[in-house]
Amino acid sequence: MLVLVINSGSSSIKYQVRDTETHEVLTKGLIEEIGSGEVKDHAEGLEIIAGRLDEALGGRTVDAAGHRVVHGGERFSEPVLIDNEIIRAIERLAPLAPLHNPAHALGIRALVKTWPDLPQVAVFDTAFHRTMPEHAWRYAVPDDWYRKYGMRKYGFHGTSHDFVTGRAAEFLGVPREELNAVIAHLGNGASATAIREGRSIDTSMGYTPLAGLVMGTRSGDVDPSVVTAARRHIPGLSSADDLDRVLNHESGLKAIAGTNDMRRIVEKAEQGDRGARLAIEMASYRLAGYIGAYHVAVGGARALVFTAGIGENSAPFRQAVVERLGALGITLDESANAERSDETRRISGPDSAIDVLVVPTDEEAAIAEATEAVLTAR
Ligand code: ADP
């Protein structure tokens, strides 16, 4: 099946065409500056994409579209076939994902206009975490905060955690529903997920993707009083928008090391830069803490899995994390860790208590597979 995978943002549309049989990417691209540049709106963007696909696919046509949707709220626990009611439901979740969900809905509506008969599927970033138990997703705040405003842990990166869980089970030769693991998705955004019997039972991101690990430009966990005190005391931080901006875009590795690119941070640390060293120590310490907690939560993980930009590519960062896991009996095979490869591989030492794996993630492949699965189950 040929699936057009769409990631529609407020001013951009990223797309790929995937063949779900051969796993090939037939073509991909990006339309940018929608609204501010030459492309008037999402509908015009999709017409441009339609023209490009006609050229690139040599007479073949796409069978379906799969959309990445950031927020599925409490309703969506799996991918769904899109109709008008689903589009409205995605829009109604806008208060939870104001930058993303309205933009996804624009992309979906534009696609209906360009290809009225093409089946469309929504694949939600939050859906995989709908299996978390309430004691993991509730915050200990007044009940109304949850009931009236939906303030609870949702978790994100679900499509990636789900995909990587499946690949890790395959690699280890265990049925997925028997796999207990901790997955560390470490990109610019980063999250750890506790996998028990193949499903998510806890994850480090929360109500928004700001919680948990130290990320590229996001703070991850801080005492909430830091936020209220910043608002009280720091000039220029009087509004919620200001605080959102600083905590999401000016914090994390960037705040400590001066850059959020892990390659640069490792280089600077090797040259003795104090901020860069501290950033690696902080990020690896925070992650090791989550790994310990989730090892307990899943009743003993069988594997620790690294994925995404940093997880797949930064041997020094993986080493910094695993060095902190001695109490769990986890060790690294340093030469396996140093090898570069695009394949799933084991990097733990022969004496390690559990397997440590590197599994390349592929969210577009996961969206294409999920889209096919929804359409074949119809
Ligand atoms: P996103 O969350 O934007 O999808 P990615 O998963 O692509 O992010 O990860 C991006 C991050 O991966 C970059 O910020 C960079 O720090 C890191 N990265 C990419 N390649 C390497 C590499 N070879 N070595 C170390 N870090 C890398």
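Does Ala377 satisfy the criteria of being at pLDDT below 95 and either among the small types (Gly, Ala, Ser) or buried (at least 23 other Cβ atoms within 10 Å of the Cβ) (or both)? Yes, satisfied. Flag: Ile330 does not match the condition of being within 16 Å of the ligand (Cβ to nearest atom), at pLDDT 95 or above and assigned by TED's automatic domain parsing to the domain that holds Lys268. What tally of residues in the range 273-307 results from selecting those that are without any contact (Cβ under 8 Å) to a residue 60 or more places away in the chain and outside any helix (DSSP H, G or I)? So the count comes out to 1. Checking the conditions here, which among Arg324, Arg318 is crowded, with 22+ Cβ neighbours inside 10 Å and farther than 21 Å from Ser200 by Cβ? Of Arg324, Arg318, the one residue that is crowded, with 22+ Cβ neighbours inside 10 Å and farther than 21 Å from Ser200 by Cβ is Arg318.
With respect to the stated conditions, Ile310 fails to be in contact with a Ser or Thr (Cβ under 7 Å, 6 or more places away or on another chain), within 13 Å of the ligand (Cβ to nearest atom) and in a helix (DSSP H, G or I). Among the residues of the range 96-124, those identified as open to solvent by less than 10 Å² (accessible area, probe 1.4 Å), in contact (Cβ under 8 Å) with a residue 40 or more places away in the chain and part of a helix (DSSP H, G or I) are Ala103, His104, Gly107, Ile108, Ala110, Leu111.
Per this entry, Ala168 is counted among residues that are of a type in the set (A, V, I, L, M, F, W, C), more than 23 Å from Leu81 (Cα to Cα) and crowded, with 21+ Cβ neighbours inside 10 Å. Whether any residue in the range 288-298 is touching a helix residue (DSSP H, G or I) at 6+ places or on another chain (Cβ under 8 Å) and within 12 Å of the ligand (Cβ to nearest atom) is what I want to check. Checked the range 288-298: no residue is touching a helix residue (DSSP H, G or I) at 6+ places or on another chain (Cβ under 8 Å) and within 12 Å of the ligand (Cβ to nearest atom).
Considering the range 171-192, the residues that are touching a residue at least 40 places away in the same chain (Cβ under 8 Å), within 16 Å of the ligand (Cβ to nearest atom) and not in a strand (DSSP E or B) include one that is least open to solvent (accessible area, probe 1.4 Å), namely Gly187.
The values are calculated or read from the model by the stated rules, or taken from the named source; none is laboratory data. Since we're looking at a predicted model, the values are computed, not measured. Reconstructed Cβ throughout: ideal geometry from the backbone, glycine too, with neighbour counts over all protein chains shown. Only protein heavy atoms, including side chains, enter the accessible area calculation; ligands, DNA and RNA are left aside. Shrake-Rupley method; radii C 1.70, N 1.55, O 1.52, S 1.80 Å.
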